[in-house]
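None of the figures in this text is laboratory data; all of them are computed from the coordinates on show. Since the model is a prediction, treat every value here as computed from it, not as a measurement. Heads up, the Cβs are rebuilt from the backbone with ideal geometry, glycines too, and the neighbour counts pull from every protein chain shown.
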Amino acid sequence: MTHPIIPTTRRGDITFHPDGRIDLTAHVAKALDLRPGDVVNIACDDDHPGEHYLYVSRRCEETTGRHACTCRRVKAGNFLRLFSKSLSSHILQLCHATNRLSLRVGAPTTILGIGTALPLITARHP
């Protein structure tokens, strides 16, 4: 029986680190129309346990002061980075990960009261 050395060639769209660093690819930034200074959050769906959605909670124009999960542009790269130890720890614990975790996102969807959101794909498929 043969099997590929690299099971999938698709890279993750959002990466969570134990120290609270969260990296968002350009794909995610474009899908949510993110700009530096925007604040993102993750919502849980009460009707469907286990479903999580990444969304913009505040746009940079309406943000004053310091906020957790504020997007910053990374010098050497075309992606955004934010920091939240509690958010990163929650997702790592949810996915039973102890180190870095890269997740894919699904197609953009509209959620009442939130707007455009990206579902996080947390289930692992062989």
Inset, instruction - Using 0.36 nm per residue of separation minus the Cα-Cα distance, give me the extension gain between GLU51 and THR110 in nm, one decimal. - result: 19.8 nm
Legend entry - Estimated vicinal HN-Hα couplings, Hz - the range 29-43 in sequence order (Karplus 6.51, -1.76, 1.60; Gly, Pro = x): 4, 5, 4, 9, 6, 7, 10, x, x, 5, 10, 10, 8, 10, 9
Legend entry - FRET efficiency estimate (nearest 0.05) - Cβ-Cβ, ALA123 to ASP19, R0 30 angstrom: 0.75
Legend entry - Charge dipole (the chain, unit charges on Cβ, about Cα centre) - positive-most of HIS17, SER86, LEU120: HIS17
Inset, instruction - List the residues whose amide H sits under 5 Å from the amide H of ASP13, counting only those 5 or more places along or on another chain, with H placed 1.01 Å from N in the peptide plane. - result: LEU103, ARG104, VAL105
Inset, instruction - Quick one: which residues, 5 or more positions from PHE79 or on another chain, have an amide H under 5 Å from its amide H? H modelled 1.01 Å from N in the peptide plane, none for Pro or chain starts. - result: VAL74
Legend entry - Net charge, ARG21 excluded, C-beta distance under 11 Å - Lys, Arg +1, Asp, Glu -1: +2
Inset, instruction - Within 10 Å, count the other beta carbons around each residue, average over each peptide in 45-52, 14-21, and list them highest first. - result: 14-21, 45-52
Legend entry - Extension reserve of the ALA26-ALA97 stretch, reckoned as 0.36 nm per residue once the Cα distance is removed: 23.2 nm
Inset, instruction - Return a whole-number percent for the relative contact order of the chain, with Cα pairs under 8 Å and 6 or more residues apart as the contact set. - result: 31
Inset, instruction - Calculate how steeply helix 85-94 sits against the longest principal axis of the alpha-carbon atoms of the chain, using the helix alpha-carbon long axis, and give the answer as 0 to 90 degrees to the nearest 10. - result: 30
Legend entry - P(r) weight above 18 Å for the range 7-89, C-alpha pairs, percent: 44
Inset, instruction - Can you check what the net charge comes to around VAL39, using other residues whose Cβ is under 15 Å from the Cβ of VAL39 (Lys, Arg +1; Asp, Glu -1)? - result: +3
Inset, instruction - Under 10 Å from the Cβ of VAL56, count the other residues' Cβ atoms, weight Lys and Arg +1, Asp and Glu -1, and hand me the total. - result: +1
Inset, instruction - Return the calculated 222 nm mean residue ellipticity for the chain, to the nearest 500 deg cm²/dmol, obtained by summing -39500 (n - 2.57) across DSSP H runs with n ≥ 4 and dividing by the residue count. - result: -3500 deg cm²/dmol
